[in-house]
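Colleague: Have a look at this one.
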């Protein structure tokens, strides 16, 4: 019996030993507690965007480390290269640093002038007790005074200045501003002076737009498509071959415009064509007509006016047209069938890319004397303008041959044909 009791006691002890926690569990619990404490006190992890930036930086660093360094060209001095880089950096810093006596308003004016391409040393600054006056020369071939006025006004108002007054003369515009951070008012005199821009490179480039496609076909149309692809074709809407001509131009890599009929002086005796835009039309009617033309010919990069010597002088009509073009991100070329057209100015104020015709190549006729006169005119224009835009027509084979000869003469004179979209002087600056 005692032996049996002893055996039971041993059994109980073994069971109690199995129920007691193991040492490994204590260690695991301690490690887990340490991890929780570390999570609570450590710095926050980077946000996903920061993490992406870190990864991107690391990848860039590895690529730079892996890519072989470019050998220094023979005769190149690395010290000079470093000095040039330092000079460029210093110049960039200087542009953002106020000059002696400058306020924030002065810096805004200087920055706006620079973005408009006005040479830094050409602006004149005069200071009195109550007024700081700037004289800003504008290159007539680059932009008109109203456009420059609009840019300066926008930049100054964005900086907190208030417009006090504006004066618009024939060749000069003056705008006066007040800033709460300056004791003096500021006046900007914008005036035409292209002489200071003559030192700039003046490449001899020209864009030619050929009007009145849409009705012609066959061999005549084929021959026009054999001309330089830089030529832009203006196509009448709603003609038999309008859409197919546009599609063929697109497939060839050639730009095209919708040649929109507009009311001329002398209407209805002078008929601009079907569905022309008339000054008596309501804004809704004009917009509906233009939307229909764009829907029919979506590949066209914009429009130019056919006739329109009356319609292009009406600010209300032109504003509706520009608003509609802006919705579709289309450009506008003012054919300038009248010297008092407001189309180009309205387009600029609407912040859409706009161009204007400088001359018609085939007017009043296509004889030799006309060609010589037009060539001389283009050469004269190239002395004061960075680029020239000309318009001609596709009516018959005689005009085709005239154009071929004209293009050949232009190339021999040193001109380069470029597409309309590559004309850069009327681009809207980034500051707006």
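The values are calculated or read from the model by the stated rules, or taken from the named source; none is laboratory data. Only a predicted model underlies this, so the values are computations on that prediction, with no experimental measurement involved. When we count neighbours, we look across all protein chains shown, and the Cβ atoms used for this are built from the backbone with ideal geometry, even at glycine.
Colleague: If you go through segment 377-399, how many residues are modelled with pLDDT of 95 or more and either under 27 Å from residue 192 (Cβ atoms) or surrounded by fewer than 19 Cβ atoms within 10 Å (Cβ to Cβ) (or both)?
Modeller: 10
Colleague: Of all residues in segment 117-161, which are part of a loop (DSSP other than H, G, I, E, B) and over 15 Å from residue 172 (Cα atoms)?
Modeller: Across segment 117-161, the qualifying residues are 117, 118, 119, 128, 129, 130, 141, 142, 159, 160, 161.
Colleague: Would you confirm, using the coordinates I've provided, whether residue 196 is assigned to a helix (DSSP H, G or I) and more than 30 Å from residue 305 (Cα to Cα)?
Modeller: Yes: the conditions hold for residue 196.
Let's see how each residue does on (1) under 29 Å from residue 305 (Cα atoms); (2) in contact (Cβ under 8 Å) with a residue 12 or more places away in the chain; (3) touching a strand residue (DSSP E or B) at 6+ places or on another chain (Cβ under 7 Å):
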| position | (1), (2), (3) |
| --- | --- |
| 170 | yes, no, no |
| 175 | no, yes, yes |
| 185 | no, yes, yes |
| 191 | no, yes, yes |
| 206 | yes, yes, yes |
| 218 | yes, no, no |
| 225 | yes, yes, no |
| 237 | yes, yes, yes |
| 247 | yes, yes, no |
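Colleague: Using the structure shown, decide if residue 295 is in a helix (DSSP H, G or I) and either out of contact with any strand residue (DSSP E or B) (no Cβ under 7 Å at 6 or more places or on another chain) or over 18 Å from residue 333 (Cβ atoms) (or both).
Modeller: So residue 295 fits the description; yes.
Colleague: Among the residues of segment 191-202, is there at least one that is closer than 30 Å to residue 404 by Cα and at pLDDT below 95?
Modeller: Looking for residues that are closer than 30 Å to residue 404 by Cα and at pLDDT below 95, one finds at least one in segment 191-202, hence yes.
Colleague: Just need a number here: residues in segment 268-287 that are surrounded by 13 or more Cβ atoms within 10 Å (Cβ to Cβ) and not in a loop (DSSP other than H, G, I, E, B).
Modeller: 5
Colleague: Going by the conditions given, is residue 237 assigned by TED's automatic domain parsing to the domain that holds residue 318, within 27 Å of residue 206 (Cα to Cα) and touching a helix residue (DSSP H, G or I) at 6+ places or on another chain (Cβ under 7 Å)?
Modeller: yes
Conditions (1) farther than 25 Å from residue 348 by Cα; (2) under 28 Å from the mean Cα position of the chain (by Cα); (3) at pLDDT below 90; (4) exposed (fewer than 14 other Cβ atoms within 10 Å of the Cβ), marked per residue:
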position: 82; (1), (2), (3), (4): yes, no, yes, yes
position: 91; (1), (2), (3), (4): yes, yes, yes, yes
position: 116; (1), (2), (3), (4): no, yes, yes, no
position: 137; (1), (2), (3), (4): no, yes, no, no
position: 143; (1), (2), (3), (4): no, yes, yes, no
position: 164; (1), (2), (3), (4): no, no, no, yes
position: 167; (1), (2), (3), (4): no, no, no, yes
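Colleague: Under the condition of being surrounded by fewer than 16 Cβ atoms within 10 Å (Cβ to Cβ) and over 15 Å from residue 132 (Cα atoms), which residue from segment 169-183 is modelled with the lowest pLDDT?
Modeller: 170
Colleague: Follow-up question, since we're still on this one. Is one or more of the residues making up segment 253-267 exposed (fewer than 13 other Cβ atoms within 10 Å of the Cβ) and closer than 23 Å to residue 411 by Cα?
Modeller: yes
Colleague: Only one of 186, 147 is modelled with pLDDT under 90 and surrounded by 20 or more Cβ atoms within 10 Å (Cβ to Cβ); which?
Modeller: Answer to the check: 147.
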